[in-house]
Structures are given as structure tokens and as C-alpha cells.
Amino acid sequence: MAKQQILIAEDDTLFAQDLQSRLESLDYEVCGNTRRAKEAVELARCLSPDLVLMDILLAGEMDGIQAAEQIRAFRLPVIYVTGCWDGATLERAKGTEPCGYILKPFETAHLKVGIEMGLQRHRSLERERPREPECDGPAAAGPEGLNGLLSICCYCKNIKDDEGAWSQIEAYIMKRTKVSFTHGMCPECFGRVKAQLERLEKATSISMVIG
């Protein structure tokens, strides 16, 4: 039976290494490890892990809560692993509908319980989702309700909506149609992401794994 794949988003290098060791001792596999929120979103989209362990205070312009909000569009479970517990932060975090919230510091046994409970909650929520009606052909051939001209960023592929806000193409389409998505990685993207992570690993001495 394949090990469950976990993506770590944590800005503290030593804590990230300790967390990875704990996860591996619990028979999980760490498929990616990053300290930047934007990279966490990209890795989640490319790797489609079974779970994302998300710190709130991350490097870069976004924080972990903003990253989790974007990852939500991929229908991946997120558990916050953080030392932040103030009321305002908790309210923001709750808005992303996480599958758990683990406060640092914690025991390895508590990590195991939090992960298993979070994964079970995610599976239950997925089972409760209404089944999408089957269609005669590929949904992408003409999703009902979408027509006309859309503004799309040629770099990140985000779409500009009627109110002038930019959102990811999956979130835009899912909000306006009955289309849903599964995520994988084509060979070309796999090679590109692998090369980027190898360069980052050499520059930062942080070990990263894809698979």
C-alpha cells in the first residue's frame, strides 16, 4: 500500500527537518518541503499530495492562510501547524475551512492523531459532495455558462473576473459551472519543477523530494 504523501510548508528550516523526520517515523512520505507560500501553492497544484501541513508565518508576500485559500481550489486537505493562536488569526484561518489546527510545540503522537483525523474529515466531506451529472463529452469542450472574452494572465494563467479581481482558473470555472478538476503533472512540467527544486536545494541546502 502506497504511503500517504504530505507537503510541508514551513519557514523554520530546523523545525521543517524535525517535522519531516517525525512524519517519516510515522510511515508518511514527504513529497515536498518549502518555506515560501507561493511555492507551497505551486507544489500543491503540481504534486497533488494527500495532505498539506501549513505554517502561517511563511516567507514571501503571502502568508500560510492566503496560500491555504488558493490550495482550497484544488480540493486538497490543509492542516495548520503553527504557533499562532490569537483570535484574529484563528478567524482568518477558519475561513479557509482547514481539516485541522495543530499548535506548536506538540508531541509526535498528537501529530499522528491530528493528521489521521484531518484526513478522515476530508474524506467525509468529499463523500458528502453532490455527485456531478455525467456529460456526453469532455466537460472542457464547452462548460455551460461560460462564453465571451476572458482576460487571462499569460504568465500565471489567473483569470480576471467581472469585478476586476484575479483568481485561479480552476476556482473561476468551478464557481460558475458544474465542472470539477483532478490534478496530475505532465512530463514536461514534472521535469521543469524538478529542475527548479534541485536548483533551490543547492542554493538553500534544504532537501526537497518529488514523488
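What to note about this one:
- Boolean, GLY118 is in contact with a strand residue (DSSP E or B) (Cβ under 6 Å, 6 or more places away or on another chain) and of a type in the set (Gly, Ala, Ser): yes
- Count of segment 103-145 residues, restricted to those that are modelled with pLDDT under 95 and of a type in the set (A, V, I, L, M, F, W, C), is 7.
- Filter result (at pLDDT below 65 and not hydroxyl-bearing (Ser, Thr, Tyr)) within segment 186-208: ILE206, MET208
- Boolean, ILE6 is of a type outside the set (Gly, Ala, Ser) and either closer than 24 Å to CYS189 by Cα or touching a residue at least 40 places away in the same chain (Cβ under 8 Å) (or both): yes
- Residue-level analysis places GLU42 among those that are in a helix (DSSP H, G or I) and touching a residue at least 60 places away in the same chain (Cβ under 8 Å).
The values are calculated or read from the model by the stated rules, or taken from the named source; none is laboratory data. All values derive from a computational prediction rather than experimental measurement. Backbone-built Cβ (ideal geometry, glycine too); neighbour counts: all protein chains shown.
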